Amino acid sequence: MSFVLVDRPDPRVAVVTLNRPERMNAMAFDVMVPLRDALTALGQDNEVRAVVLTGAGKAFCSGADQESAGVPPGATGVTRPTYALRAMEMLEDVVLTVRRLHQPVVAAVNGAAIGGGLCLALACDLRIAAPAAYFRAAGINNGLTASELGLSYLLPRAIGSTRAADLMLTGRDLGAMEAERIGLVSSVHDDVVAAAVEMGLRIAAFSQPGIELTKRSLQAGIAASSLETYLPSEGIGQLYLRLLTSNFEEATLARKEGRPAKFTDDR
């Protein structure tokens, strides 16, 4: 049985499904390693223009596997401290792989996104939710810190520091409708995967380097130390496509002719 499924409802959109519903798609290494590898392969597939990440069954991802996490790569025969380092390194690599993909990644949160599962959703560029979805920064409930896998970096940037502190210090559940209200997800849909695929197809209609540069700009803007130092990088991106492609001229002509633009990303 494959714990990670990759489907292509359209050649331009890949749907990656965590497929261990009986364990709520927990972050065991026999799930996370193939997830990382599948995402890496999709990142190298230039036909894929957007990636949807979701979970099978009633959960998106329930975080740490409390039954049998397995063994992380490269950890055989090491001491407990080194084992812990290898385990965290592996899980961090999954989060970073999502962030580094050329394509935007849409989290179609179908159910529980708990602990590391919340971090995985936050690593995605876009998040939408099913009505049954809920989110929990679970570490604090387990006698640990709520900070893990970039949560204390990503969550305040998604919903603001005060709301992030509320979730991380109280360990309470955040339902789908409240998540939409505070901006953790952009919308709620009964068929969340279909809605995510539709979003991916909309993205796929735009310029490929335009989308890739926009993803990079969003991440760089969040991390920028000041507007003054960041502004030139945006300007260079605009000039890059304006001078090296005919996309702007095509968009102008398409609007005049009342048709969708067809971007070739070439001149």
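Enter the angle in degrees (range 0 to 90, nearest 10) between the Cα long axis of helix 192-204 and the first principal axis of the Cα atoms of the chain, meaning the one along which they spread out most.
40
Just to confirm the number: angle between the C-alpha axis of helix 80-100 and the first principal axis of the chain, 0 to 90 degrees, nearest 10?
With rounding to tens, the tilt is 20 degrees.
Need one number: nm distance between label points at ARG267 and THR40, each 7 Å from Cα along Cα→Cβ, rounded to one decimal.
Each label point is offset 7 Å from its Cα along the Cβ direction, giving 3.7 nm.
Could you work out how far apart the two model spin labels at SER161 and GLU89 are, taking each label as a point 7 Å from the Cα in the direction of the beta carbon, and quote it in nm?
Simple spin-label model gives 3.3 nm for this pair.
Could you tell me the calculated FRET efficiency between GLU228 and GLU22, based on Cβ-Cβ distance and R0 = 35 angstrom, to the nearest 0.05?
With a Förster radius of 35 Å, E is 0.10.
Going by alpha carbons, how many degrees (0 to 90, nearest 10) lie between the helix axis of 227-244 and the longest principal axis of the chain?
50
Taking Cα pairs under 8 Å and at least six residues apart, what relative contact order does the chain come out at, in percent?
Details: 482 pairs, mean separation 41.7, N = 267.
Relative contact order here is 16 percent.
The numbers here are math on the coordinates, done by the rules we state, and not lab data. Remember, it's a predicted structure, so these values are computed and weren't measured experimentally. Cβ coordinates were reconstructed from backbone atoms using ideal geometry, including for glycine residues, and neighbour counts include every protein chain displayed.
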